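Visitor: To start, I am sharing the structure in question, which I have written as structure tokens.
The values are calculated or read from the model by the stated rules, or taken from the named source; none is laboratory data. Every value quoted in this text rests on a predicted model; they were computed, and no experiment measured them. Cβ placement follows ideal geometry from the backbone for every residue including glycine, while neighbour counts extend to all protein chains displayed. Calculation scope for accessible area: heavy atoms of the full protein, side chains included, ligands and nucleic acids excluded. Shrake-Rupley method; radii C 1.70, N 1.55, O 1.52, S 1.80 Å.
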Amino acid sequence: MNLNPPIHTLGVFLRPSTPELKAYFLEFQSLALDLGFNVILDSLSAGMIGMRGLNFEELCMQCDALISIGGDGTLISTARRSFAFGKPILGINMGHLGFLTDLQKDEVESFLPHLKTGNYNIANHMMLEGKIQNNQKNNASFFALNDIILTRLDEASMIYLKAYIDGEYFNAYYGDGLIIATPTGSTAYNISAGGAVVYPFSRNLLLTPICAHSLTQRPLILPSSFEIQVELGEQGRCNAVIDGQESKPLKFGEKIAIRVQDNGVKLIHNAHWDYFKILKEKFHWGDFE
């Protein structure tokens, strides 16, 4: 393992709408306190389980690392919300095997002491920054770890999208929508739409049409140095869905600009984390019986 800064204070986030996680949080808290950690619970998570916590910004400023207890969705939400603070995140998986949540419950007790000594690995996962471009000056950026998906609002009709690379028009997509994904997000909606599985630490942008009207529209993998702009090609509007957790309307006459952030999300992985093993288990690769 690489030697990283020792971690002393943990900020904990729980999967929303899951109050039954209280029992495990109390177990985790007891274990962490016995090992000499400080434990701070996010106020939203605390309210869910009838405890007291700290508001999000204060928590991020006070802690050395964030702990996401739930699944990949909880970790992605934690990563998006905390991105500006640059804190490393450890995911504890409370359900089925995830691509991002690193530890199973039975591995936590043996792994936590490594955080105190700095004996852990950090992997940098690429992050997308999106911004709606229009005449307003106060449009804030938003961030995605997996993907930004432009999708139709009306299930009975298709949408027409015009795409630009570094400001130069290059393609039009007519169909159900367009996925702009990171390599980390290649195994999310991207793969369902026929996109490639891409090693998560590659530096690429993935453009995958959703049910394109023309068979000539194929998935495209680009270097991460490009900026992508997309606009509606005809009157109407569509939704920009961010990591499946938030949506923003895109109206005719507006563009959405998407680029790769210089710094990515720092995820804590244990020494035995093996991406290809996860792929084999999730997709049953190599199973012929």
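Visitor: Leaving out ligands, DNA and RNA, and with a 1.4 Å probe, what % of the accessible surface on the stretch 74-187 is carbon or sulfur?
Guide: 45 percent
Visitor: Under a straight-distance cross-link criterion of Cα-Cα below 27 Å, which lysines are reachable from Lys282, leaving out those fewer than 8 residues away in the same chain?
Guide: Lys105, Lys266
Visitor: Right, next: Along each of its three principal axes, how wide is the spread of alpha-carbon positions in the stretch 165-234, in whole angstrom units, largest first?
Guide: 36, 27, 17
Visitor: Given contacts defined as C-alpha pairs under 8 Å and at least six residues apart, what's the relative contact order of the chain, whole-number percent?
Guide: That works out to 18 percent.
Visitor: While we're looking at this one, here's another question. Using a 1.4 angstrom probe, figure out how much accessible area the stretch 240-289 has per residue, in square angstrom, rounded to the nearest whole.
Guide: 62 Å²
Visitor: Here is a follow-up. Please compute the alpha carbon radius of gyration of the stretch 114-182, then divide it by the globular-protein estimate 2.2 N^0.38 Å. Two decimals is fine.
Guide: It is 1.62.
Visitor: Tally Lys and Arg at +1 and Asp and Glu at -1 over the other residues with C-beta under 9 Å from the C-beta of Lys87: what net charge comes out?
Guide: Once positives and negatives cancel, what remains is 0.
Visitor: How long are the three semi-axes of the equivalent ellipsoid for the chain, computed from the Cα gyration tensor as the root of 5 times each eigenvalue, in whole Å, largest first?
Guide: Values for the chain, descending: 36, 21, 17 Å.
Visitor: Let me ask something else. Roll a 1.4 Å probe over the protein chains and send me the accessible area per residue for the stretch 177-216 in Å².
Guide: Ligands and nucleic acids excluded, the figure is 37 Å² per residue.
Visitor: I would also like to ask the following. Considering the stretch 46-181, what Rg and Dmax in Å follow from its alpha-carbon atoms?
Guide: 19.4, 57
Visitor: In whole Hz and in residue order, list the ³J(HN,Hα) couplings for the stretch 38-53 that follow from phi through the Karplus curve 6.51 cos²θ - 1.76 cosθ + 1.60, θ = phi - 60°; x for Gly and Pro.
Guide: Residue by residue, the stretch 38-53 yields 8, 10, 10, 9, 4, 4, 5, 5, 5, x, 5, 10, x, 10, 9, x Hz.
Visitor: Give me the percent of accessible area attributable to carbon and sulfur for the stretch 194-289, probe 1.4 angstrom.
Guide: 50 percent
Visitor: Which of the aspartates and glutamates could a cross-linker bridge to Lys137, judged by Cα under 15 Å and excluding same-chain residues fewer than eight apart?
Guide: Glu254
Visitor: Equivalent-ellipsoid semi-axes (√(5λ), Cα gyration tensor) for the stretch 167-289, whole Å, largest first?
Guide: Three semi-axes, in Å: 29, 18, 13.
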